[in-house]
Amino acid sequence: MAVADTEVLAPTRTGRTTGGWQAVAAHWLIKYRRVWLGTAITSFLSPLLYLAGMGFGLGLLVDRGAGGIGGVPYVVFIAPGVLAATTLQVAAGETTFSVVGSIKWTPIYQGMLATPLKVRDVVVGHLAYVLVRVTLAAVVFFAVAALFGTVRSPWGVVAVGVATLGGMAFASCCYAYSASLTNDQGLVLMFRFVVMPMSLFSGTFFPIEQLPGWLQPVAWATPLWHTVDACRALVLGTATVGGVLGHVAYLALWLVGGYLMAVRVLRRRMVV
């Protein structure tokens, strides 16, 4: 465990001294260079397969039988939902096993906190790296979805930022939860009973009005529903300023609350 949490600059391998969280972010980005090809499949290819399979495959049946959803083709309806779900899943993937592993299996955090780095440097640096990953996933998916003709409004480009915010809102909370675990069993349960249900029942693939009445408030409370609803309105050109700002404010609360909790949990776990 680290024994200090003081404000001191961290030296780099070149001998320079620089800000702490940037060094942590650089560490994760350097590690990512070795595994980026493998993650590209889950981050970029899988969402596109979802869009092609569900949007153009199942979408043919939906469009022929019901004329689309809300007057738009099914592929146009689900594209912003898949965009939002993609950022959430990338965020969850980068703030679960890597956090537990950095505490227990490969004690990277112990090593970092044995230097002048502070707990919040570790958290901010890790989340800054996640921000890069989430942003890249959102930009690539949005560009391909636009090529498929699923973006109906120039305001749709704002959906990239909203989707990134939604992913980071979930990432900060995931980080806090992961930092509190003593083994990976809790992560398996989280993916099975939180991430997957949220992806299915937060308006990604169908309107939540189709859910039972008692389940709809649960969907409204999730960050993914707010991300999906804002992205869909922006992509379809039906967004209002007040509506989007309301969703953004709600996601920002999750982001700030999750960050504060993550710093608190990691400090209690790592600093004596």
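The values are calculated or read from the model by the stated rules, or taken from the named source; none is laboratory data. Please read these numbers as outputs of a predicted model, since none were measured by experiment. Here Cβ is always computed from backbone atoms with ideal geometry, including for glycine, and neighbour counts include all displayed protein chains. Accessible surface is based on the protein model in full, side chains and every heavy atom, while ligands, DNA and RNA are left aside. Shrake-Rupley method; radii C 1.70, N 1.55, O 1.52, S 1.80 Å.
Results, tabulated for the structure shown:
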read-out: Only listed residue being modelled with pLDDT of 95 or more, open to solvent by 50 Å² or more (accessible area, probe 1.4 Å), in a helix (DSSP H, G or I) and hydrophobic (A, V, I, L, M, F, W, C), chosen from V235, V134, V158; value: V158
read-out: Conditions (1) assigned to a helix (DSSP H, G or I); (2) closer than 25 Å to R152 by Cα; (3) of a type outside the set (K, R): number failed by L253; value: (2)
read-out: Some residue of the stretch 110-131 being surrounded by fewer than 17 Cβ atoms within 10 Å (Cβ to Cβ), among the small types (G, A, S), in contact (Cβ under 8 Å) with a residue 24 or more places away in the chain and in contact with a Leu (Cβ under 8 Å, 6 or more places away or on another chain); value: no
read-out: L181 open to solvent by 60 Å² or more (accessible area, probe 1.4 Å) and within 14 Å of T96 (Cβ to Cβ); value: no
read-out: Residue within the stretch 242-265 that is open to solvent by 80 Å² or more (accessible area, probe 1.4 Å) and either among the polar types (S, T, N, Q) or modelled with pLDDT under 95 (or both) present; value: no
read-out: Checklist (1) part of a helix (DSSP H, G or I); (2) free of Cβ contacts under 8 Å to residues at least 24 places away in the same chain; (3) open to solvent by 20 Å² or more (accessible area, probe 1.4 Å); (4) of a type outside the set (S, T, N, Q) applied to W214, failing item; value: (1)
read-out: Residue pairs meeting the criteria (Cβ under 7 Å; at least 6 apart or on separate chains; first farther than 13 Å from L88 by Cα, in the stretch 219-235; second open to solvent by 10 Å² or more (accessible area, probe 1.4 Å) and of a type in the set (S, T, Y)); value: L234/S153; V235/S153
read-out: In the stretch 6-25, residue modelled with the lowest pLDDT [restricted to those that are farther than 20 Å from A137 by Cβ and crowded, with 16+ Cβ neighbours inside 10 Å]; value: A10
read-out: Residue list for the stretch 31-52, restricted to those being open to solvent by less than 50 Å² (accessible area, probe 1.4 Å) and at pLDDT 85 or above; value: Y32
